[in-house]
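As structure tokens, the structure follows; a few thoughts come after it.
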Amino acid sequence: MSVDTALDRKETNDAPTAGPAGIGRRSTGSRIMLVLYVAVLAVLAVIFLYPFVWLLSASFKTRANVFDNKLIPNPATFANYIQVWHVAPLLRWLGNSGLVGVLAAGTVTFSSAVVAFGFAYFRFRAKNTMFGLVLASMMLPTMVTMIPVFLIWKNLGFVGTRVPLWGSNIFGSAFYIFMLRQFFLGIPRELFEAARVDGCSYFGLFWRIAAPLSRPALIIVFVFEFQASWDDLLRPLIYLGNNVNLYTVPLGLNSLYVQFNPIAGGNGDFQYIVTAALLATIPMIVIFLAGQRYFVEGIATQGHKG
Amino acid sequence: MSVINRGSTGSKQRTPAAARVRPQYDARETRAAFAFISPWIIGFLVFTAGPMIWSLVLSFTNYNLVDTPKNVGFKNYRRMFDDPRVHTALGNTFLYAVMFVPLAIAVALALAMLLNRLTSGAGFFRTAFYLPVMTPAVAVAVLFSLLLNGDYGLINKALALVGIQGPQWLTDPHWIKPSIVLMGLWGLGAAVVIFLAALKNVPKDLYEAAAIDGASGWRRFRSITVPMISPAIFFQVIVLTIAALQMFDKVYVLFGNPGSATYAGNASLFYSMYLFQEAFQALRMGYASALAWLLFVIIMVITLIQVKVGNRIVYYEGDRR
């Protein structure tokens, strides 16, 4: 409920925003300026989008023409899209990334929500100290704990499996705990008190009231973490070793790049690199376009990692 | 934003009541609360606090994963200060951060201000600027390694059209950091969205009052826009700096793979990559732990300085100072 209304209000707010340029009145001067802004933005949008267009176009080019920088492939070929699956276990990599992403996002969303509810609803000693620790651990660089965390997974016998890529998410993540707590605090407390009077358990308050009312926020957390997991190179690099069948998309794409890049001794089959890079990106673009308002709202309210 | 506001009023209503009615904490409620936050407590102990201490202990040892760790005192730290690769890596990483962060803030702010002027269609441009953020870092590195190719790359072809001879972006040691900066700038859409949201929250009447007083556009920018969105800028500076100092994935793809590691020489050695190589390729876990602690201290110190400076400059609404 709450974010829905917040989103709607935001959209309606957007409409009459003339900005500082056109304060109230709409002179010809400000209209000319508006055209100028749109023109500048259009040029910038082309610059930002052209790499995608280049990639899409190159994926339909033959081996010799990948670098010709022409907009329309000539001759155009569909062969790369047929061959790339045989050149490398790309489908497997996409599947691995999808599986790891769902596990990472699912566990972190559930656990972070449970912990966030603990911080939002209850009154207990040391609450502020504990929450301060949550905020502090948000700032901690992952590089510092990387080696001992590796040793933990090694001692548990999970190095060489996909478990370390999502396992620690079972315990929630500081950034999402912070974000969801803010959201839960926005739910009127009377709802919980009324449910308590009706005999609802504490977990029931979370599961039947807080969680359903916070669906937009939970979706934001899920898609953020899914994207972060899909993007991650460091952990697959550390934990998956040489088992190509366990590779996720970033690690697989990197190995393709090494395999075909002449600098690293490859034979220069750049058409496969280009096609694989595009196929690695498309799921994320689809997710963004489908859940755009969640992304924008999530980033705008909380700030994103960078 | 409205979500947060509602949150704070919610807790305000609660606090006085809690103080009067319940001077003491309910034991049952406390037990339930700890049950709810227990996942985080366990995770914090096992994956954050524990590893921090362990990593500090390891930094005083030599450990290669096979033999038991051998205590060597401060040797790793002394070695670190004499290691020329540490100096190179730190220099490269700082240079990159100093180039990237101010440029990213300026470009993102400019884009957000342009978007803020639009009466319609801002959604389309916002999507255009945000799609690169969704692109996996490895794909960005791969794509730009082709676009930035000194001989056939699109960017040098485009520069040639206007009569500029483009550099060998990824092999000329002087152009490696600018190349990585360029890749980073392509993906600054998140900062644009944050700045745009902050700009939308600047009260319009401030601009109206300034216009009546005859303030110029630059003056309005400097005296209204920048102070009003300074918390967002401040936050972005901190986040982008921390990320820049840990830059890893794009650099690894382009320069860190065994076989392609050396062709750009020392200019491509970033700190996190050196740390990774020492830990997981050379298996010097003790030395790498010392490197990790140095990075931690550097990031802490830089963040603290930024917070101290920021608190003097940043304008918080409702601040009583």
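A short reminder: the numbers here are calculations on the coordinates, not readings from a lab. Keep in mind it's a predicted model, so treat the numbers as computed, not measured. Quick reminder, even Gly has a Cβ in these numbers, built from the backbone with ideal geometry, and neighbours come from all protein chains shown.
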Exercise. To the nearest 20 debye, what charge dipole does chain B have about its Cα centre, counting +1 at the Cβ of each Lys and Arg and -1 at the Cβ of each Asp and Glu?
Worked result: 980
Problem set entry | Positive-pole candidate from A:ILE219, A:ILE273, A:TYR176, dipole of the stretch A:84-302, charges at beta carbon | A:TYR176
Exercise. In a GNM of chain B with a 10 Å cut-off on Cα contacts, which of B:ALA106, B:ALA232, B:ALA279 has the highest mean-square fluctuation?
Worked result: B:ALA106
Exercise. Which of B:LEU111, A:PHE192, B:VAL309 sits farthest toward the positive end of the charge dipole of the protein assembly as shown, with +1 on the Cβ of Lys and Arg and -1 on the Cβ of Asp and Glu?
Worked result: A:PHE192
Exercise. Radius of gyration and Dmax for the stretch A:25-83's Cα atoms, expressed in Å?
Worked result: 18.6, 60
Exercise. For the modelled label position 7 Å from the Cα of B:ASP172 along Cα-to-Cβ, which residues of the stretch B:131-159 have backbone nitrogen atoms closer than 13 Å?
Worked result: B:149-151, B:156-157, B:159
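Taking all pairs of distinct Cα atoms, average 1/r, flip it, and tell me the Kirkwood hydrodynamic radius of the stretch B:13-151 in Å to one decimal place.
With all distinct Cα pairs of the stretch B:13-151 included, I get 22.5 Å.
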For this session: State to the nearest 20 debye the size of the charge dipole of the protein assembly as shown about its Cα centre, where the only charges are +1 on K and R beta carbons and -1 on D and E beta carbons.
Result: 1320
Exercise. Residues in the stretch A:260-279 near a label at A:ALA79, defined as backbone nitrogen under 19 Å from the 7 Å Cα→Cβ point?
Worked result: A:260-261, A:267-277
Problem set entry | Hypothetical label at A:VAL53: residues of the stretch A:62-91 whose amide nitrogen lies under 11 Å (7 Å Cα-Cβ projection) | A:71-72
Exercise. Projected area of the stretch A:133-177, taken from the Cα convex hull and averaged over every viewing direction, in nm²?
Worked result: 3.5
Seminar exercise, completed: Counting every C-alpha pair in chain B, the percent lying more than 37 Å apart is 37
Problem set entry | Listed residues B:VAL140, B:VAL309, B:VAL193, most fluctuating in chain B (Gaussian network, C-alpha, under 10 Å) | B:VAL309
For this session: With springs connecting C-alpha atoms under 10 Å apart, model chain B as a Gaussian network and identify which of B:ILE53, B:ILE105, B:ILE41 has the largest mean-square fluctuation.
Result: B:ILE41
Seminar exercise, completed: Output for the protein assembly as shown (equivalent-ellipsoid semi-axes, sqrt of 5λ from the C-alpha gyration tensor, Å, descending) is 39, 35, 25
Exercise. Per the Debye formula with a single identical scatterer at each Cα and no solvent contribution, what log10 I(q)/I(0) holds for chain A at q = 0.08, 0.10 Å⁻¹?
Worked result: -0.53, -0.78
Exercise. Where a ≥ b ≥ c are the square roots of the eigenvalues of the C-alpha gyration tensor, would you call the stretch B:194-290 rounded, which needs a/c under 1.5, or, failing that, prolate if a/b is larger than b/c, or oblate?
Worked result: prolate
Exercise. Counting Lys and Arg as +1 and Asp and Glu as -1, what is the net charge of the other residues whose Cβ lies under 11 Å from the Cβ of B:VAL86?
Worked result: -1
Exercise. Label B:LEU56 and B:PHE34 with points 7 Å out from Cα along Cα→Cβ: what is the distance between them in nm?
Worked result: 2.5
Exercise. Highest mean first, what order results for A:118-130, B:168-180 on Cβ atoms within 10 Å?
Worked result: B:168-180, A:118-130
Problem set entry | Residue among A:LEU151, A:PHE67, A:GLN83 farthest towards the positive dipole end of chain A, charges placed on Cβ | A:LEU151
Seminar exercise, completed: Residues whose built amide H sits under 5 Å from the amide H of B:THR61, excluding neighbours closer than 5 in sequence, are B:VAL72
For this session: Take peptide A:125-132, look around each residue's Cβ out to 10 angstrom, count Cβ atoms belonging to other protein chains, and average those counts.
Result: 3
Exercise. Taking the Cα-to-Cβ direction at B:ASP151 and at B:ARG312 and moving 7 Å from each Cα, how far apart do the two end points lie in nm?
Worked result: 5.3
For this session: Take peptide A:283-290, look around each residue's Cβ out to 10 angstrom, count Cβ atoms belonging to other protein chains, and average those counts.
Result: 3
Seminar exercise, completed: Of the convex hull enclosing the alpha-carbon atoms of the stretch A:119-194, the direction-averaged projected area in nm² is 7.0
Seminar exercise, completed: Partner shielding of A:177-190, as the mean number of partner chain Cβ atoms within 10 Å, equals 3
Problem set entry | Distance between modelled label sites at B:PHE124 and A:ARG123, nm, 7 Å Cα→Cβ extension | 5.4
